[in-house]
Amino acid sequence: MSVTAQEQQEKPRQTEALRRFRCQPSLCCGRASKPVKTWLPRHHWGDEAEWELTYPNNNTATYEQIEGIQQWLDELAAALERRTADPEDGVFALLDQDAVIDWMIVQEFARNIDAYKLSVHLYKDVGEPARIVPWDFDLSFGQPLVDSDEPRPRDMGVSSGWVTARPPFIQDLFAVPGFAEQLAERWRALRKHELADERIFSLIDGYLEVLEPELEANFNRWPLEDVAFEHIYAPFSLYDVDSHATEVEYLRGWISDRVEWIDANIDSLAD
């Protein structure tokens, strides 16, 4: 394919625009933001149709940078829709596959309600494929699910089942030949080391050593009976606990049940 003189002139500008950026869905978790109004990805990733540019931010990004990132998003959307494992033409020519797999494992491990529809943070560095970063876990590890037409939470404390909201982005990833199998293989490898039961609970023990000396001061300042979530984001609510020790015991039990369920069902994640 021949390259026109105009394309030769545009390529350096587009390359510069794509050197480094970070972005996430706008209005995530109800936070006010200043989305790039012209920056609308054609591929639907979740509940939001616009993205918030966090670096360079919306106030400092040039038109050329926004245009270049939009072009990259359009290329990513097209690659996702092709659903191919081709290293030159597929989605993993643009996204770091290992990072995507680890990101999905973390989301499913925590059973994060917002995992795929809101909690998507991308960053891209110079000459590298983009990575997806885990964040926003306030509704996870057994916190309840709600539907917009249901006044009360459901599935409170449930440790089984996959994250239910799967926008086309996730469906297209699972349609890439071999992707689901590689994710399952990675889960099994992590269960032998980083996500082994003893490793997980050792981390919790370490966190407790740091937190416990300050627990009394914490609950004097914020009494447990006053902790609520409904006034922040109705109709979500927190499961009931009567002490920090009860919360820790609950979390340990939930995680133990969760990893056991995933062990038995990891090969069905793409179904």
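The values are calculated or read from the model by the stated rules, or taken from the named source; none is laboratory data. Please read these numbers as outputs of a predicted model, since none were measured by experiment. When we count neighbours, we look across all protein chains shown, and the Cβ atoms used for this are built from the backbone with ideal geometry, even at glycine.
For region 134-144, check the following and say yes or no: at least one residue is buried (at least 17 other Cβ atoms within 10 Å of the Cβ), at pLDDT 85 or above, polar (S, T, N, Q) and in contact with a helix residue (DSSP H, G or I) (Cβ under 7 Å, 6 or more places away or on another chain).
yes
Give just the number: which of (1) modelled with pLDDT of 95 or more; (2) surrounded by 11 or more Cβ atoms within 10 Å (Cβ to Cβ); (3) farther than 23 Å from residue 246 by Cα; (4) not acidic (Asp, Glu) does residue 201 not satisfy?
(3)
When you scan region 223-271, how many residues do you find that are closer than 17 Å to residue 141 by Cβ and either among the β-branched types (Val, Ile, Thr) or at pLDDT 85 or above (or both)?
21
Within region 158-172, how many residues are surrounded by 15 or more Cβ atoms within 10 Å (Cβ to Cβ), assigned to a helix (DSSP H, G or I) and more than 14 Å from the chain's Cα centre (by Cα)?
Selection size over region 158-172: 2.
Could you list, in sequence order, the residues of region 92-127 that are under 16 Å from residue 69 (Cα atoms) and not aliphatic (A, V, I, L, M)?
121, 123, 124, 125, 127
Does any residue in region 52-63 that is assigned to a loop (DSSP other than H, G, I, E, B) and loosely packed, with under 15 Cβ neighbours inside 10 Å come within less than 9 Å, Cβ to Cβ, of a residue that is modelled with pLDDT under 80 and not aliphatic (A, V, I, L, M) six or more places away or on a different chain, and which pairs are these?
Between residues of region 52-63 that are assigned to a loop (DSSP other than H, G, I, E, B) and loosely packed, with under 15 Cβ neighbours inside 10 Å and residues that are modelled with pLDDT under 80 and not aliphatic (A, V, I, L, M), the close pairs are 59/34.
Are any of the residues in region 236-244 closer than 26 Å to residue 132 by Cα and surrounded by fewer than 13 Cβ atoms within 10 Å (Cβ to Cβ)?
Scanning region 236-244, I find no residue that is closer than 26 Å to residue 132 by Cα and surrounded by fewer than 13 Cβ atoms within 10 Å (Cβ to Cβ), so the answer is no.
Can you tell me which condition residue 112 does not meet? The list is (1) polar (S, T, N, Q); (2) outside any loop (DSSP other than H, G, I, E, B); (3) at pLDDT 90 or above, and all the others hold.
Every condition holds for residue 112 apart from (2).
Each row is one residue, and each column tells you yes or no for (1) free of Cβ contacts under 8 Å to residues at least 60 places away in the same chain; (2) within 13 Å of residue 173 (Cα to Cα); (3) part of a helix (DSSP H, G or I).
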{"site": "71", "(1), (2), (3)": "yes, no, yes"}
{"site": "74", "(1), (2), (3)": "yes, no, yes"}
{"site": "80", "(1), (2), (3)": "no, yes, yes"}
{"site": "85", "(1), (2), (3)": "no, yes, no"}
{"site": "89", "(1), (2), (3)": "yes, no, no"}
{"site": "92", "(1), (2), (3)": "no, yes, yes"}
{"site": "100", "(1), (2), (3)": "no, yes, yes"}
{"site": "104", "(1), (2), (3)": "no, yes, yes"}
{"site": "107", "(1), (2), (3)": "yes, no, yes"}
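Just name the residue that is modelled with the lowest pLDDT out of those in region 59-84 that are under 22 Å from the mean Cα position of the chain (by Cα) and of a type in the set (Gly, Ala, Ser).
Restricting to residues being under 22 Å from the mean Cα position of the chain (by Cα) and of a type in the set (Gly, Ala, Ser), the top hit is 77.
Residues to consider are 194, 181, 209; find the one that is modelled with pLDDT of 85 or more, exposed (fewer than 15 other Cβ atoms within 10 Å of the Cβ) and not in a helix (DSSP H, G or I).
Details: 181 fails: not in a helix (DSSP H, G or I); 209 fails: not in a helix (DSSP H, G or I).
Testing whether each residue is modelled with pLDDT of 85 or more, exposed (fewer than 15 other Cβ atoms within 10 Å of the Cβ) and not in a helix (DSSP H, G or I) leaves just 194.
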